[in-house]
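Notes to accompany the following structure.
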Amino acid sequence: MLQIDVITLFPEMIDNAASFGVLGQALKGDLLKVNSHTPREFAADRHRTVDDRPFGGGDGMIMLIEPLEKTIQKVKHKNSKVIYMSPQGDVLTDEKARALAKEEHLVVICGRYGGIDQRIINAHVDEEISIGDYVLSGGELGALVVIDAVSRFIPGVLGHNESADKDSFSEGLLEHPNFTRPREYLKEEVPEVLLSGNHKVIGEWKAKVSALVTLVKRPDLFQAYLEKENEKYRSLKKKKTEAPLKELKKFWMNLSLKDRKILGLAELTEEDFNG
């Protein structure tokens, strides 16, 4: 079972948010353990001070070393991986979340105010992680994003072992659009293939739609995906199909106009498939 210890000045943020939804069910089912710890426990004065002005001046306050280090030492052991939520870190990806889910113990440090002393990072942090190129008031929201993303790769958390593998980014692509009842709504009908009951055909159809959706919404991801597909294609001794982009274009051209519209693919043109 993966254990995650979060070091934060606001443990209620972590405890409350982690109690809902899939994450909450994972905690109740003992599939994951999340604890929060506050450096205020080790503050040296009666006011429980945990920050001070930075040397050299500047905006914001810096979290004090001693209370933070004692909190880290309280939860860290030889198999721990210590993460600091920081806009300077590597951006969280599906691949990184999958790797973190294989760890035995994660310690996640949430900075506040002007951040934490660099000496703490040098001495204790194994990896800095960011959730995007922007700045938040503290690391708690980022930590919750990491916890939620990681939890999805823990067996049993999603109820179906293949669920996480079918989500967006799992194959480097965005997920295909999904539909439920009623069959017709706002004069738009669910694509006929999804009602066929032929799961092999439906699976192949969804894979191609995912590629097209990615081409429209995230051309950067699509190019990376296409390079991998082209490499696989070139390695085939007997090429039973056309090159990946040509095959995808043929699939798109065979889609009806109403299916293109409901799938969000109406803006694609033949020029988009020129590679």
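Observations on the structure shown:
- Residue check for THR241: without any contact (Cβ under 8 Å) to a residue 12 or more places away in the chain and among the β-branched types (Val, Ile, Thr): yes
- Flag if PRO182 is at pLDDT 95 or above, out of contact with any strand residue (DSSP E or B) (no Cβ under 9 Å at 6 or more places or on another chain) and open to solvent by less than 40 Å² (accessible area, probe 1.4 Å): no
- Counting only helices (runs of 4 or more DSSP H) wholly contained in the stretch 206-275, the ones carrying 2 or more residues that are at pLDDT 95 or above and under 19 Å from LEU194 (Cβ atoms) occupy 244-254, 257-262.
- Residues in the stretch 186-204 include at least one that is assigned to a helix (DSSP H, G or I) and small (Gly, Ala, Ser).
- Checking each residue in the stretch 128-161 for being of a type in the set (D, E, K, R) and under 24 Å from LEU27 (Cβ atoms) picks out GLU140, ASP148, ARG152.
Here is a yes/no grid of residues against (1) over 20 Å from GLU175 (Cβ atoms); (2) surrounded by fewer than 19 Cβ atoms within 10 Å (Cβ to Cβ):
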site	(1), (2)
VAL201	no, yes
THR214	no, no
PRO219	no, yes
LEU236	yes, yes
LEU248	no, no
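- Within the stretch 1-43, tally of residues that are assigned to a helix (DSSP H, G or I) and either touching a residue at least 12 places away in the same chain (Cβ under 8 Å) or open to solvent by 30 Å² or more (accessible area, probe 1.4 Å) (or both): 18
- Long-range neighbours under 9 Å by Cβ, at least six apart or interchain, first residue in contact (Cβ under 8 Å) with a residue 12 or more places away in the chain within the stretch 253-266, second in a helix (DSSP H, G or I) and of a type in the set (Lys, Arg): GLY264/LYS217
- Of everything listed in (1) outside any loop (DSSP other than H, G, I, E, B); (2) over 30 Å from LYS28 (Cα atoms); (3) open to solvent by less than 40 Å² (accessible area, probe 1.4 Å); (4) out of contact with any Phe, Trp or Tyr (no Cβ under 8 Å at 6 or more places or on another chain), the single unmet condition for PRO177 is (1).
The values are calculated or read from the model by the stated rules, or taken from the named source; none is laboratory data. In this text the structure is predicted, and so the values were computed from the model without any measurement. For neighbour counting, all protein chains shown are included, and Cβ atoms are generated from backbone atoms with ideal geometry for every residue, glycine included. Surface areas here come from the heavy atoms of the whole protein model, side chains and all, with no ligands, DNA or RNA. Shrake-Rupley method; radii C 1.70, N 1.55, O 1.52, S 1.80 Å.
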